[in-house]
Amino acid sequence: MPGIDRVSVDEAMREVEQAMLVGVTRFLFFGIPDEKDVVGTRAWASDEAVQCMVTELDTRFPEAQTITDVCMCEYTSHGHCGKLTNDGEVDNDATLPLLAKTAVSHAKAGADIVAPSAMMDGQVAAIRTALDDAGHHDVKILGYSAKYASAFYGPFRDAAGSAPSFGDRKSYQMAPSQCYEAMQEIEADVSEGADYIMVKPALSYLDVIASARANFPNTPLYAYNVSGEYAMIHAAAANGWIDLKNGALEVLLSIKRAGAENIISYFAIDAARWIKGIA
Ligand code: PBG
Ligand code: ZN
């Protein structure tokens, strides 16, 4: 991914500083552990990268907001988003306590918002209960509510080494042909206590964003402009086929026009500079 690197906690703080200077104040963190295992034990380790990052950021930039991705796929040796049964299928219910433990460890480190992205049924409720039991009533939940089984996650999985080692994610992520199902998934997250909802990816799902905005007018909506969407604009620009700045801003604008008031994007810092006219 052009311009995007995996960084240490120290390097991340320098990136954060640059971002804050141009007005980007909310950050979503993913971690890549040194060692992965079958259950993804490092996901809830208090000394793992995400936990350290959040604590450091809280101390150095108290005005910034931290969001943490809560999923197992960066931490499991098989790359699936949850615990497996003996038959090699993802075990929804056995995964819930692991996601809950992970979210609590992020909250303990100081996360403002936890964002479960595993697409396990009941994950928002399990996390809300665990956060409340641990006294983290003020930590918010951003549900990756409508997350599709998309081809556009490729560059991210490359970077995180999180591509499934067998099979795919179609048993837990949504089929791209469905829009109504997305509304049901969002409804479930909201009823389980999600403070914010999300549609992901963004560009191929602008209709889903618009439907979510119309059907859930009282819940802040995020859209995730994912790695493949970022990489393809860069690739076209590198080939001289489209203009990077205008292409990227047009896509971001379309996501906003569809109804997302919060956009998660690898273009965030560039976009802030472009919009503010900073070279
Ligand atoms: C973890 C997760 C993924 C992304 C965000 N959280 C990967 C996946 O579901 O395979 C993708 C982000 C991107 O492509 O930018 N489940
Ligand atoms: Zn995952």
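The values are calculated or read from the model by the stated rules, or taken from the named source; none is laboratory data. Here the structure is a predicted model, which is why all the values come from computation and not from measurement. Positions of Cβ are backbone-derived with ideal geometry, glycine not excepted, and every protein chain shown enters the neighbour counts.
Things worth noting here:
- Listed by position, the strands (runs of 3 or more DSSP E) inside the stretch 1-118 whose residues that are within 16 Å of ligand 2 (Cβ to nearest atom) and not hydroxyl-bearing (Ser, Thr, Tyr) number at least 3 are 65-70, 113-116.
- Within the stretch 123-156, tally of residues that are surrounded by fewer than 18 Cβ atoms within 10 Å (Cβ to Cβ), within 16 Å of ligand 2 (Cβ to nearest atom) and either more than 17 Å from Asp168 (Cβ to Cβ) or touching a residue at least 40 places away in the same chain (Cβ under 8 Å) (or both): 2
- Selection status of Met53, touching a Cys at 6+ places or on another chain (Cβ under 7 Å) and surrounded by 22 or more Cβ atoms within 10 Å (Cβ to Cβ): no
- Within the set Ala212, Ala231, the sole residue that is farther than 28 Å from Asp138 by Cβ and either in contact with a Ser or Thr (Cβ under 7 Å, 6 or more places away or on another chain) or among the small types (Gly, Ala, Ser) (or both) turns out to be Ala231.
- Of the residues making up the stretch 163-182, one or more are more than 15 Å from ligand 1 (Cβ to nearest atom), among the hydrophobic types (A, V, I, L, M, F, W, C) and within 16 Å of Ile209 (Cβ to Cβ).
- Scanning the stretch 45-77 for residues that are under 11 Å from Pro33 (Cα atoms), touching a residue at least 60 places away in the same chain (Cβ under 8 Å) and away from ligand 1 (no atom under 15 Å from the Cβ) gives Ala45, Ser77.
- Glu17 passes every criterion in (1) modelled with pLDDT under 95; (2) farther than 27 Å from Ser165 by Cβ; (3) among the acidic types (Asp, Glu) apart from (1).
- Count of residues meeting criterion [more than 15 Å from ligand 2 (Cβ to nearest atom) and free of Cβ contacts under 8 Å to residues at least 60 places away in the same chain] in the stretch 186-217: 18
- Within the stretch 116-172, the set of residues being out of contact with any helix residue (DSSP H, G or I) (no Cβ under 7 Å at 6 or more places or on another chain) and small (Gly, Ala, Ser) comprises Ser117, Gly135, Ala149, Ser150, Ala159, Ala160, Gly161, Ser162, Ser165, Gly167, Ser171.
- Verdict on Val124 being touching an Asp or Glu at 6+ places or on another chain (Cβ under 7 Å) and within 24 Å of Phe156 (Cβ to Cβ): yes
- Residue satisfying all of: in the stretch 118-162; away from ligand 1 (no atom under 12 Å from the Cβ) and basic (Lys, Arg); farthest from Leu98 (Cα to Cα) among these: Lys140
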